[in-house]
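Notes for the one structure printed next.
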Amino acid sequence: MAAKDTAQYLPDCLDSILAQTYPHWELLAVNDHSSDATPDILSAYAAKDPRIRVFHSDRPRLIPTLQVGYAEAKGTLINRMDSDDMMPDYKLQVLVDEWLKHGKGTIIAGGTKHFVDEGEVGDGFIRYERWLNAVARNNTHYQEIYRECVIPSHCWIIHKEDFDAAGAFDPIVYPEDYDLCFRFYRLGLRVVGINRILHYWRDRSERISRTWEEYKDNRYFDLKLRYFYELDRDHNRPLVLWGAGRNGKDMARLLQSHGDTFRWITNNERKTGKDIYGVRLDHYSQIVDFDNPQIIIAVASPSGKNQIKQQLKWWKKKPVEDYWFFS
């Protein structure tokens, strides 16, 4: 657990860890150059319970701080915690019990619930929460991996050897939890989703997903395409881009930067037949004429996504199999 200037929330976080019904844990808490009382609070809790071990990062920012803590890990199973969040008291027990049913090669992932101290949780986080919980409930992590981060950083448990094989906290890539999901995918680890809320996720204005430049464009198209070309792109098959709004246009430029050729389709009748970035936009109905295509769907509006989903269901009778929502 990395901790930076979270003194206001840290006691609640640590109390939720101490309340765990599963007793066999160690907390590796690493202070990341805090300017508030965070180090003092960590030290006070460590003095009360030897399962809490406190360290101080010699390098700033999140991933290097996590690396400092992970280097000290003695446990067989690994979970990450955020210092401004809270755990339900059953979290570790549920994760361990479920992992023991499957063993090495498996990640157990569950659901989350956002909360705020005052006011209401933002609509964007509510939508993300609902989607995440549906992914865990339906066990569709790898099917949905190009849409958004499918396993939150604090909502998994994994064997240390599997974590090491996936690269642990080594790559300095943000968003670190999303990059880790792709590394799990690349390694072929099995994800078992469970329909339980395992983490209470605090929504606050200072969280890094709101303030860091690396999270400003939360579509993460560069990250997604890097792994798409490494793991899923088959250059023997035609690539189709679906969507001609902002997301589709930005994706088209990125595909061109990779030197790839693609057919571009749209639901928008006004854009059909137009030339954008040297590519002609075709009506989406022409997709059935393509020979075993791979389809990237880059559409922002929920109604547009639902329309495409309905169309793809009908096309299950046609040769349309590989498609990914990228937004």
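The values are calculated or read from the model by the stated rules, or taken from the named source; none is laboratory data. Every value quoted in this text rests on a predicted model; they were computed, and no experiment measured them. Methodologically, a virtual Cβ is constructed for each residue, glycine included, from the backbone with ideal geometry; neighbour enumeration extends over all protein chains shown.
Out of contact with any Pro (no Cβ under 7 Å at 6 or more places or on another chain), charged (D, E, K, R) and not in a loop (DSSP other than H, G, I, E, B): is that true of K309 in this structure? So K309 passes the test.
Any idea which residue in segment 118-161 is surrounded by the most Cβ atoms within 10 Å (Cβ to Cβ), counting only those that are within 19 Å of L223 (Cβ to Cβ) and charged (D, E, K, R)? Among them, the one singled out is E148.
Of all the residues in segment 32-83, those that are surrounded by fewer than 19 Cβ atoms within 10 Å (Cβ to Cβ) and part of a loop (DSSP other than H, G, I, E, B) number 17.
Of the set (1) over 29 Å from R183 (Cβ atoms); (2) in a strand (DSSP E or B), all apply to A29 but (1). Checked against the criterion of being in the same structural domain as N138 (by TED's automatic domain parsing), of a type outside the set (A, V, I, L, M, F, W, C) and modelled with pLDDT under 95, segment 46-58 has at least one qualifying residue.
Taking first residues from segment 74-88 that are in contact (Cβ under 8 Å) with a residue 24 or more places away in the chain and of a type in the set (S, T, N, Q) and partners that are surrounded by 21 or more Cβ atoms within 10 Å (Cβ to Cβ) and not in a loop (DSSP other than H, G, I, E, B), the Cβ contacts under 6 Å between residues at least 6 apart in sequence or on separate chains come to N79/I157; S83/A3; S83/L10; S83/C13.
Residues are listed down the side, and each one gets a yes or a no for (1) aromatic (F, W, Y); (2) farther than 29 Å from K305 by Cα:
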site: Y142; (1), (2): yes, no
site: E148; (1), (2): no, no
site: D162; (1), (2): no, yes
site: D170; (1), (2): no, yes
site: L180; (1), (2): no, no
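No other residue among L77, L92, L62, L100 is within 24 Å of F163 (Cβ to Cβ) and within 18 Å of the chain's Cα centre (by Cα) apart from L62. Contact map, segment 186-205: first residue more than 18 Å from D97 (Cα to Cα) and assigned by TED's automatic domain parsing to the domain that holds I157, second residue part of a strand (DSSP E or B) and of a type in the set (A, V, I, L, M), Cβ cut-off under 7 Å, separation 6 or more or different chains; pairs are L189/I107; Y200/M86. Residue pairs whose Cβ atoms lie under 7 Å apart, separated by 6 or more positions or on different chains, with the first residue in segment 6-21 and part of a loop (DSSP other than H, G, I, E, B) and the second surrounded by fewer than 18 Cβ atoms within 10 Å (Cβ to Cβ) and of a type in the set (S, T, Y), are T21/Y90. In segment 218-241, the residue that is surrounded by the most Cβ atoms within 10 Å (Cβ to Cβ) out of those that are farther than 23 Å from G188 by Cα and touching a helix residue (DSSP H, G or I) at 6+ places or on another chain (Cβ under 9 Å) is L241. Looking for something among the charged types (D, E, K, R), more than 16 Å from the chain's Cα centre (by Cα) and part of a loop (DSSP other than H, G, I, E, B) - is there at least one such residue anywhere in segment 127-144? No, the conditions are met nowhere in segment 127-144. All conditions but one from (1) at pLDDT 95 or above; (2) closer than 23 Å to G122 by Cβ; (3) of a type in the set (S, T, N, Q) apply to T261; the one that does not is (2).
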